[in-house]
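Below are the structure tokens for one structure; questions will follow.
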Amino acid sequence: MNSSVIGKFAEDAVNFLFQHFRGGFDAFSAALGAVVKLLEDGLAAVPFVAMLIILVAFALWRRGVVFSVFVGLALLTINYMGLWAQTVSTLALVIAATFFSLVIGVPLGIWGARNKRVEMVLRSLLDFMQTMPAFVYLIPAVILFGLGRVPAVIATIVFSMPPVVRLTTLGIRQVREELLEAGRAFGSTDSQLLWKIQLPNALPSIMAGVNQTIMMALSMVVVASMIGAGGLGEYVLSGIQRLDIGIGFEGGLGVVLLAIVLDRLTESFGVKSKKARPVVRAAKTGTSTAPRT
């Protein structure tokens, strides 16, 4: 089956990038691969018992006793199934993809919130990124970066970045105008308004974007295993290839448990405080917007 003019154009564009910028892609692939490997080796160096204690304590701090018990049982279940090494590998991939998604996505979201034309362009681009089937991202990723975890991380970034961009833009635009006017009244610059007023008040929305980015990154685990991502996705893929229900179920259960733990923990940072803030700090002026008597 031959591709149409549109498909030929996409193919020619990828081939052009590969032929003229291969050295740059190889260097980037080596650097990103080193970061992912360093992260994975660091996580793998932590003994299971120590990681169990750390995550249970963190869950107790953020969500309470019930969820901390669930986290403990979830990690013990994963370890009992013999999937701890695969879980660490998947966690490293998700953390790397989420980090780079935030590094790219949050500034884009801020830019979109401050410029309507940029926001219109970003909206169309993000719609394209979210609706394009995830398998399609793997083709140019493999051509440009080869097989392994690097193209898996790249494809995961492209697939999972839209939520943090959208929700950053939404959160900044929903900041109440009176807060911005109060900041301007005390002489705040645009950068001070951004860092002292807009971002702190938009933090719940941004954290919701982080949460969704992590969930979408996890949803790419099985898909990315087709190009050598490894981890739990590779375990699930092995079950599919061998038609082994047990292996497939254990790998899927590991993904589900990891997703629930990460979802609840990141969600806890996005919960808005029910207490209204009586004071909004303007810049580093030592003043506030509280009425004077």
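Here is a check on your reading of the model: is L180 in a helix (DSSP H, G or I), surrounded by 14 or more Cβ atoms within 10 Å (Cβ to Cβ), at pLDDT below 85 and of a type in the set (A, V, I, L, M, F, W, C)?
On the way: in a helix (DSSP H, G or I): yes; surrounded by 14 or more Cβ atoms within 10 Å (Cβ to Cβ): yes; at pLDDT below 85: yes; of a type in the set (A, V, I, L, M, F, W, C): yes.
Yes.
Conditions tested, residue by residue: (1) assigned to a helix (DSSP H, G or I); (2) of a type in the set (D, E).
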| position | (1), (2) |
| --- | --- |
| A224 | yes, no |
| A229 | no, no |
| E234 | yes, yes |
| L237 | yes, no |
| G246 | yes, no |
| F249 | yes, no |
| V255 | yes, no |
| I260 | yes, no |
| E267 | yes, yes |
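Would you call L108 at pLDDT 85 or above and either over 16 Å from the mean Cα position of the chain (by Cα) or surrounded by 15 or more Cβ atoms within 10 Å (Cβ to Cβ) (or both)?
yes
If you don't mind, another one. What are the residues in region 217-270 that are on the phi > 0 side of the Ramachandran plot and either within 18 Å of the chain's Cα centre (by Cα) or of a type in the set (D, E, K, R) (or both), if any?
Passing the criteria: only G231.
Those residues that are among the aliphatic types (A, V, I, L, M) and surrounded by fewer than 24 Cβ atoms within 10 Å (Cβ to Cβ), I need them from region 223-237; list them, please.
Within region 223-237, V223, M226, I227, V236, L237 meet the criteria.
Checking Y137 against (1) outside any loop (DSSP other than H, G, I, E, B); (2) over 22 Å from G231 (Cβ atoms), only one condition comes out false. Which one?
The number of the failed condition is (2).
Okay, next question. Quick check: anything in region 156-170 closer than 27 Å to L232 by Cβ, in contact (Cβ under 8 Å) with a residue 40 or more places away in the chain and surrounded by fewer than 23 Cβ atoms within 10 Å (Cβ to Cβ)?
Within region 156-170, one or more residues are closer than 27 Å to L232 by Cβ, in contact (Cβ under 8 Å) with a residue 40 or more places away in the chain and surrounded by fewer than 23 Cβ atoms within 10 Å (Cβ to Cβ).
Which condition breaks for S188 when tested against (1) crowded, with 19+ Cβ neighbours inside 10 Å; (2) in a helix (DSSP H, G or I); (3) in contact (Cβ under 8 Å) with a residue 24 or more places away in the chain?
(2)
Just to verify a result, which residue in region 128-149, among those that are surrounded by 12 or more Cβ atoms within 10 Å (Cβ to Cβ) and not hydrophobic (A, V, I, L, M, F, W, C), is nearest to V164 (Cα to Cα)?
Ranking the candidates gives Q130 first.
Could you list, in sequence order, the residues of region 199-241 that are of a type in the set (D, E, K, R) and more than 25 Å from P151 (Cα to Cα)?
Of everything in region 199-241, nothing turns out to be of a type in the set (D, E, K, R) and more than 25 Å from P151 (Cα to Cα).
Same structure again: Please state which of the following conditions T266 fails to meet, knowing it meets all the rest: (1) more than 21 Å from G112 (Cβ to Cβ); (2) modelled with pLDDT under 85; (3) among the polar types (S, T, N, Q).
Here T266 meets the rest and fails (2).
Out of (1) out of contact with any Lys or Arg (no Cβ under 9 Å at 6 or more places or on another chain); (2) assigned to a helix (DSSP H, G or I); (3) farther than 28 Å from I154 by Cβ; (4) of a type in the set (A, V, I, L, M, F, W, C), what's the single condition that is false for I206?
Unmet for I206, out of (1) out of contact with any Lys or Arg (no Cβ under 9 Å at 6 or more places or on another chain); (2) assigned to a helix (DSSP H, G or I); (3) farther than 28 Å from I154 by Cβ; (4) of a type in the set (A, V, I, L, M, F, W, C): (3).
The values are calculated or read from the model by the stated rules, or taken from the named source; none is laboratory data. Everything numeric in this text was worked out from a predicted model, so none of it was measured. Backbone-built Cβ (ideal geometry, glycine too); neighbour counts: all protein chains shown.
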